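Beneath this line is the structure, given in structure tokens, with notes to follow.
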Amino acid sequence: MEYKEEDYLMLSGIQHFSFCRRQWALIHIEQQWDDNVRTVEGNLFHKKAHDGYSSEKRKDVIISRGMPVFSRSMGVSGICDIVEFHRDDKNGVSIHGREGKYLVYPVEYKKGQPKENEADILQMAAQAMCLEEMLECGIPKGYLFYGEIRRRIAVTLDEEIRRQVRDAFEEMHQYFRRRYTPKVRRTKACNACSLKNTCLPQLMKHLSAREYISGRLGEEGEQ
Ligand code: SF4
């Protein structure tokens, strides 16, 4: 199956979805967004990693910043912080406008330190899978660069990670088609959630944010 371009979802949404399905739906379906310190700092850090598309060559490595990627089979599009092309005329693939063949590695920048959850890995794996589809190549690994430890970590992109990426996007498309926002499921993650003031996990057990807000507006209008 192939998705139409107008149905593409934001690739980066997979981090929200993996953190909390409701958070993803509030942002991507209900268009609710609150900035807390974490998201502001994270966005500034990202801005440094890619500010528009550019590329440079260092010896046998081409470094592309802010490269747009998409996948017709998963129905997503996004931007890669960094994609490195390492020259390897034996095992690599041809790149338009460049001499020789290259191995392709996405590098995703994160402000903090490595986390226990898999959100960062899934996002980078999704980028790799888009690049594979676009460039008709195989990408067995990618990298996560963490600002706090100033180091990159190599991640092997095995079949289990790829299955999780495909399943997540399929579920996101199903929710998006139905405009469905999952109900609150209060977890430890709620404390660090940038949307806790919108989601109101302690108050809203059964209502969507939209239902809650229109309920409040209705009450205020009656006064
Ligand atoms: S406050 Fe909790 S339930 Fe609500 S969106 Fe955030 S993580 Fe999800």
> How many residues, within region 127-186, are more than 16 Å from the ligand (Cβ to nearest atom), basic (K, R) and over 15 Å from the mean Cα position of the chain (by Cα)?
Replying inline: 8
>> Name the single residue that is modelled with the lowest pLDDT among those in region 56-77 being surrounded by 14 or more Cβ atoms within 10 Å (Cβ to Cβ) and on the phi > 0 side of the Ramachandran plot.
In response: G66
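Sort out for me the strands (runs of 3 or more DSSP E) sitting completely within region 92-202 that have 1 or more residues that are in contact with a helix residue (DSSP H, G or I) (Cβ under 9 Å, 6 or more places away or on another chain) and surrounded by fewer than 17 Cβ atoms within 10 Å (Cβ to Cβ).
Where strands (runs of 3 or more DSSP E) fall fully within region 92-202 and carry at least 1 residues being in contact with a helix residue (DSSP H, G or I) (Cβ under 9 Å, 6 or more places away or on another chain) and surrounded by fewer than 17 Cβ atoms within 10 Å (Cβ to Cβ), they are 141-146.
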>> Checking P201 against (1) at pLDDT below 95; (2) within 14 Å of the chain's Cα centre (by Cα); (3) of a type outside the set (F, W, Y), only one condition comes out false. Which one?
In response: (2)
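The values are calculated or read from the model by the stated rules, or taken from the named source; none is laboratory data. Keep in mind the model is a prediction, meaning the values are calculated, not measured. As a convention, Cβ positions derive from the backbone with ideal geometry for all residues, glycine included, and neighbour counts pool all protein chains shown.
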